[in-house]
Amino acid sequence: MFKKEIINLLSKQIKLKPEKISNLIEIPQISEFGDYAFPCFVLSKKHKKSPNQIAEKLAKQIKPTKIIDKIESKAGYINFFINKNKLAQEILKINANFGKTNLGKKKKIAIDFSAPNIGKPMHIGHIRSTILGDSLMRIYEFLGYNTIGINYLGDVGLHIGKLIVAYELWSNKQALKKDPIAELLRLYIKFCGKEKTKIREGLEEEFQEDKWTTKAKEKLKLLELGNKKTHKIWNEIQKASGKGFDKVYDMLKIDFHETVGQSQFGDKGKQVIINALEKGIAKKEEDGAVYVELNKQKKYILRSNETASYITYDLGAAIERAKKYNFEKMIYITDFRQKQHFESLFATLKLMGYAFADNMIHLPFGTVKFGKEIIATRKGNIILLKQVLEKTIEKAKQEIKKRKTKGSPEKVGVGAIKYIILKNEPVKDVQFSWEQALSFEGNTGPYLQYSYARASSIIKKSKNFNKIKSKKNKLTKQEIELIKLISNFPQTVQDAGKQMNPALIATYSHELAKAFNEFYQSCRVIGDKSEGFRLRLVDAFRTTLHNALHLLGIEVMEEM
């Protein structure tokens with residue numbers, strides 16, 4: 001909150017742009033090291049002095065101000081100590097827009113997330129991309145960016161060919177009407193049982209040879225050629241899948257700006273490849289397969305039978321998106337196993353001369369471990385996401401009843417799942433357990449929701465919220481800690497955006513709730529001589545936690 005003052009003071013002493021200084025300023029974890037700290041290591045090489053020497057000199061040159069009480073040097077850092085009473089006065093003024101900025105004004109960020117495959121039910125493996133993408137959308141919107149959320153459905157590929165073959169051979173019309181998702185899953189599993197391949201699902205499937213796989217490829221060829229019968233089956237599969245996806249998204253309260261299938265970009269991808277062939281950027285094998293050379297290795301971008309592969313569609317989609325949205329950044333959120341695919345996609349686009357390739361980012365994430373279960377759709381080892389959500393909501397209902405508290409089971413259950421996913425950094429695996437997720441204590445979603453409800457209860461009980469003066473001369477240790485944490489929120493949001501890491505906000509939310517509960521236990525609010533000040537501090541906490549949880553996609557309740 002006082003960061004601008006520090007940037008101005010440093011700008012007068014060092015030759016760095018304010019934006020660079022802002023990016024370097026840190027918030028120390030230990031209060032003895034100040035409220036803000038500037039590392040002098042970046043200045044060491046230029047001035048040919050040690051960071052300690054530079055920090056000591058600057059700490060003497062920069063004089064305290066009305067809002068900065070003290071400036072010290074320590075271990076190569078300049079530490080700034082804020083006047084806590086001035087900080088408190090500012091904190092009590094915050095409103096519902098606290099933490100919002102216009103950093104992204106007139107800039108667009110497109111995020112490709114969730115992306116389930118048509119014909120397959122959404123399972124627990126989809127939850128991470130879906131929840132992570134939604135949270136990043138909220139964070140960037142909060143920072144002022146124009147965000148575009150894209151759900152890029154897998155409506156082509158070998159799994160579609162397999163489903164069409166299975167649909168023609170074994171589909172049960174009554175079962176399709178009653179439970180289309182279950183029937184499509186049954187058909188897919190039956191086909192894979194016939195196929196008898198050990199190659200895992202995904203990109204490697206394109207290179208397997210099997211009579212059943214060949215049948216699937218033939219159906220894909222017919223689909224691309226516009227065969228009416230094949231298209232009719234494909235449309236029926238899409239319709240059934242869409243209904244299942246919508247139920248899950250409704251439960252999670254997640255929306256997209258654009259929902260589009262890969263199939264829409266096949267022709268564009270092929271045209272791009274033809275252009276690359278004409279320019280000599282791409283080359284053709286004797287069997288007709290087209291490739292580009294990346295790091296002296298062949299990367300195939302079109303199959304020998306002239307049907308599109310995964311990268312064909314992705315090339316077309318990337319170029320169309322760049323043209324349509326003119327994005328500042330394009331983020332793809334998928335699991336780490338697709339890392340190589342996106343590296344090849346970006347490198348191929350760059351090779352073809354598309355400058356926007358430098359603005360494309362793959363955000364990989366680890367797996368969600370659900371006990372000892374292994375997710376493998378082809379074998380039927382699958383934990384359906386809808387069932388997980390329903391079970392979590394039911395368990396939340398039981399927990400609320402057991403504790404004899406109030407609250408919405410839907411908000412508690414869904415919030416618990418979102419939090420256990422988002423509190424982990426994307427690169428780390430998530431070990432899911434209902435007991436941990438639904439606990440009202442510790443680092444959990446329900447604990448944060450309960451903390452918000454507790455603060456709301458205090459405000460509700462007060463009859464003097466707008467009547468009593470809020471001035472206070474001496475602050476307690478618990479008040480100072482809570483005030484400092486509230487003031488750190490805007491910087492935390494910016495850091496989360498820069499690092500594409502909602503876990504920073506989740507961790508911050510937990511620390512904030514802990515500080516509030518420690519304050520609540522130590523400091524009487526209603527009836528105390530500092531009631532006015534403390535009521536407004538409680539309200540400032542509510543506002544901040546509400547905004548933080550909104551960025552995680554977690555709903556709050558006034559009573560629990």
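The values are calculated or read from the model by the stated rules, or taken from the named source; none is laboratory data. Just so it is clear, the model here is predicted, and its values are computed rather than measured. Virtual Cβ from ideal backbone geometry, glycine too; neighbours counted across all protein chains shown.
Checked against (1) assigned to a strand (DSSP E or B); (2) more than 25 Å from Ala540 (Cβ to Cβ), Asp69 passes all but condition (2). Set side by side, the residues Ile78, Ile71, Ile62 differ, and just one is surrounded by 16 or more Cβ atoms within 10 Å (Cβ to Cβ), without any contact (Cβ under 8 Å) to a residue 24 or more places away in the chain and not small (Gly, Ala, Ser), which is Ile71.
No other residue among Ile189, Ile131, Ile118, Ile160 is buried (at least 20 other Cβ atoms within 10 Å of the Cβ), of a type in the set (A, V, I, L, M, F, W, C) and farther than 26 Å from Gly266 by Cβ apart from Ile131. The numbered conditions (1) touching a residue at least 60 places away in the same chain (Cβ under 8 Å); (2) crowded, with 16+ Cβ neighbours inside 10 Å are all true for Ser31 except (2). Looking only at residues in region 376-389 that are closer than 29 Å to Leu136 by Cβ and either basic (Lys, Arg) or within 19 Å of the chain's Cα centre (by Cα) (or both), the one that is modelled with the highest pLDDT is Leu389. The numbered conditions (1) of a type in the set (A, V, I, L, M, F, W, C); (2) out of contact with any strand residue (DSSP E or B) (no Cβ under 6 Å at 6 or more places or on another chain); (3) closer than 25 Å to Gly445 by Cα are all true for Met500 except (2). I'd like the full set of residues that are of a type outside the set (A, V, I, L, M) and crowded, with 18+ Cβ neighbours inside 10 Å, limited to region 250-260. Residue satisfying the conditions is Phe256 alone. Within the option set Thr392, Thr405, being farther than 30 Å from Phe191 by Cα, outside any helix (DSSP H, G or I), of a type in the set (Ser, Thr, Tyr) and modelled with pLDDT of 80 or more holds for one residue only, Thr405. Residues in region 419-452 that are surrounded by fewer than 18 Cβ atoms within 10 Å (Cβ to Cβ) and small (Gly, Ala, Ser): Ser433, Ser439, Gly442. Picking from residues in region 286-305 that are more than 19 Å from Leu351 (Cα to Cα) and surrounded by fewer than 13 Cβ atoms within 10 Å (Cβ to Cβ), the one that is nearest to the chain's Cα centre (by Cα) is Gly288. Go through region 322-340 and give me each residue that's within 20 Å of the chain's Cα centre (by Cα), in a helix (DSSP H, G or I) and of a type outside the set (A, V, I, L, M, F, W, C). Matches in region 322-340: Arg337, Gln338, Lys339. For region 430-443, a residue qualifies if it is touching a Lys or Arg at 6+ places or on another chain (Cβ under 8 Å) and either touching a residue at least 60 places away in the same chain (Cβ under 8 Å) or within 29 Å of Leu535 (Cα to Cα) (or both), and the qualifying residues are Val430, Gln431, Phe432, Phe440, Asn443.
Is it the case that some residue within region 444-456 is closer than 22 Å to Glu394 by Cβ, free of Cβ contacts under 8 Å to residues at least 40 places away in the same chain, of a type in the set (S, T, N, Q) and not in a helix (DSSP H, G or I)? Yes - at least one qualifying residue is present in region 444-456. Where helices (runs of 4 or more DSSP H) fall wholly inside region 207-300, the ranges with 3 or more residues that are more than 16 Å from Ile160 (Cα to Cα) are 228-252, 266-279. Going residue by residue through region 78-89, is there one that turns out to be in contact with a Cys (Cβ under 7 Å, 6 or more places away or on another chain), under 26 Å from Phe33 (Cβ atoms), part of a strand (DSSP E or B) and not assigned by TED's automatic domain parsing to the domain that holds Ser530? Yes, there is a match, as at least one residue in region 78-89 is in contact with a Cys (Cβ under 7 Å, 6 or more places away or on another chain), under 26 Å from Phe33 (Cβ atoms), part of a strand (DSSP E or B) and not assigned by TED's automatic domain parsing to the domain that holds Ser530.
Does at least one position in region 141-154 carry a residue that is surrounded by 21 or more Cβ atoms within 10 Å (Cβ to Cβ), in contact with a helix residue (DSSP H, G or I) (Cβ under 9 Å, 6 or more places away or on another chain) and in a helix (DSSP H, G or I)? Within region 141-154, one or more residues are surrounded by 21 or more Cβ atoms within 10 Å (Cβ to Cβ), in contact with a helix residue (DSSP H, G or I) (Cβ under 9 Å, 6 or more places away or on another chain) and in a helix (DSSP H, G or I). Here Trp234 passes the criteria (1) more than 34 Å from the chain's Cα centre (by Cα); (2) among the hydrophobic types (A, V, I, L, M, F, W, C); (3) within 30 Å of Leu384 (Cα to Cα) except the one numbered (1).
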